[in-house]
1. Sequence-distant or interchain residues sharing an amide H contact under 5 Å with Tyr188, placed H: which?
2. With helices defined as uninterrupted DSSP H runs, which ones in the chain have an alpha carbon span along their own long axis of at least 30 Å and mean Kyte-Doolittle hydropathy of at least 0.0?
3. In which sequence would Thr253, Thr295, Thr264 go, from the one with the fewest C-beta neighbours within 10 Å to the one with the most?
4. For the chain, modelled as a Gaussian network with Cα springs under 10 Å, which listed residue fluctuates most, Phe251, Phe82, Phe183?
5. Determine the calculated [θ] at 222 nm for the chain from helices alone, applying -39500 (n - 2.57) to every DSSP H run no shorter than 4 residues and normalising by the residue count; nearest 500 deg cm²/dmol.
6. Take the chain, connect every pair of alpha-carbon atoms lying under 10 Å apart with a spring to form a Gaussian network, then pick out the residue of Gly198, Gly87, Gly274 with the largest mean-square fluctuation.
7. May I ask what percent, to the nearest 5, of DSSP beta bridges between residues of the chain are antiparallel?
8. Report D for the stretch 235-292 in µm² per second (integer): Stokes-Einstein, Kirkwood Rh on Cα pairs, 20 °C, 1.002 mPa s.
Amino acid sequence: MKKVSILIPAYNEEKTLPLLYPELKKLMDYEKNYEWEILFVNDGSQDNSLNMIKALRAADKRINFISLSRNFGKEIAMLAGFDYVTGDCMVIMDADLQDPPSLIPQMLEYWEQGYDDVYAKRANRGKESWIRKQFSLLFYKILETTTRFEVLQNVGDFRLLDRCCIDALKQIRESERYTKGMFCWIGYNKKEIIFNRGDRIAGVSNWNFRSLFNLAIEGITSFTTAPLRFASIIGSIIAFTAFIAALFYFFKTIIFGESVRGFTTLIVVVLFLGGIQLLCIGILGEYIGRIFNETKQRPPYLIREHNEKIVK
Ligand code: UDP
Ligand code: MG
């Protein structure tokens with residue numbers, strides 16, 4: 001019998017877990033032709049999530065869990081999951097039921113037909129501001145024009161991956177991970193399913209700009225390379241200011257004439273080049289920062305606790 005693993009990274013999901021499990025149980029009891037495993041990766045939750053997962057494990061031996069030593073973020077939590085899932089294939093799902101389990105039977109069907117990566121594509125992008133949408137479009141545009149593999153839009157982490165994809169992903173040990181890109185990078189035989197992504201059933205999304213900003217400040221004092229990013233931001237601001245100054249002096253000179261010849265061009269050029277130089281150093285810094293982080297060769301995550309029978 002083929003084994004299907006469901007990988008669920010969970011961070012402070014005490015409100016959603018009681019709603020999630022019955023849905024999964026329904027699915028597992030319905031699809032009797034497969035052996036099932038649910039692997040929860042508790043990503044350093046501060047609430048009661050871990051105890052709830054343990055209680056679920058006590059009642060249902062199809063559930064396994066690993067608990068990380070602190071909050072490492074979803075990308076790293078998923079890597080931990082890749083290392084420990086035991087199935088012939090794996091479905092990655094959020095804990096908040098934004099990814100409907102009802103799609104899984106269809107994914108399994110495609111998998112049986114020989115597809116290695118059955119991904120769910122959102123038909124709608126959900127509630128989102130205009131500016132955020134533009135940023136996201138720009139982001140995809142840049143990726144699309146600079147990479148050699150196809151970057152899929154409106155596709156999240158919700159997907160079924162064959163064992164060959166899991167093994168491929170396990171080999172990518174980068175600590176700064178953009179997993180969505182990795183799914184595209186590994187290639188293999190892909191198949192798309194369209195679905196409507198709903199809102200969270202309970203709890204709040206872990207992503208908001210302020211919490212990310214606070215975390216960043218905290219990081220500066222301990223061990224990030226964020227000051228390098230500061231250089232690129234300052235550089236852009238100066239270059240932009242120089243551009244405005246150029247316009248200002250241009251019209252001022254036209255209307256009022258010049259007092260000291262050459263001052264205008266001089267100041268504009270100096271500011272502009274200075275800005276561009278800082279910008280470039282900043283961009284270099286971004287890459288050096290990443291090299292710095294990778295060369296430390298830290299383990300990407302640490303496990304504090306897991307259930308008794310789990311083997312790597
Ligand atoms: N998550 C995680 N670690 C984090 C943040 C989130 O494991 O540091 C998990 C979270 O429990 C959920 C999934 O990642 O299962 C998606 O999180 P969320 O719903 O907050 O993201 P969104 O759906 O808003 O993109
Ligand atoms: Mg969510």
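What follows draws every value from the coordinates through simple rules; no lab data is involved. Quick caveat, the model's predicted, so the values are computed rather than measured. Here the Cβ positions follow ideal geometry from the backbone for every residue, glycine too, while neighbour counts run over all protein chains shown.
1. Placed amide hydrogens put nothing under 5 Å from Tyr188.
2. Values: long enough: 226-256 (44 Å, 1.77); 263-295 (47 Å, 1.50).
Those that pass (Cα extent of 30 Å or more, hydropathy at least 0.0) are 226-256, 263-295.
3. Details: Thr253 15, Thr295 8, Thr264 18.
So the residues, fewest neighbours to most, are Thr295, Thr253, Thr264.
4. So, out of Phe251, Phe82, Phe183, the one fluctuating most is Phe251.
5. Working: 10 runs with 157 residues, N = 312.
It comes out at -16500 deg cm²/dmol, rounded to the nearest 500.
6. Gly274
7. Numbers: 11 of 34 bridges.
If I count the DSSP bridges inside the chain, around 30 percent turn out antiparallel.
8. Details: Rh = 12.6 Å.
Estimated via Stokes-Einstein, D reaches 170 µm²/s.
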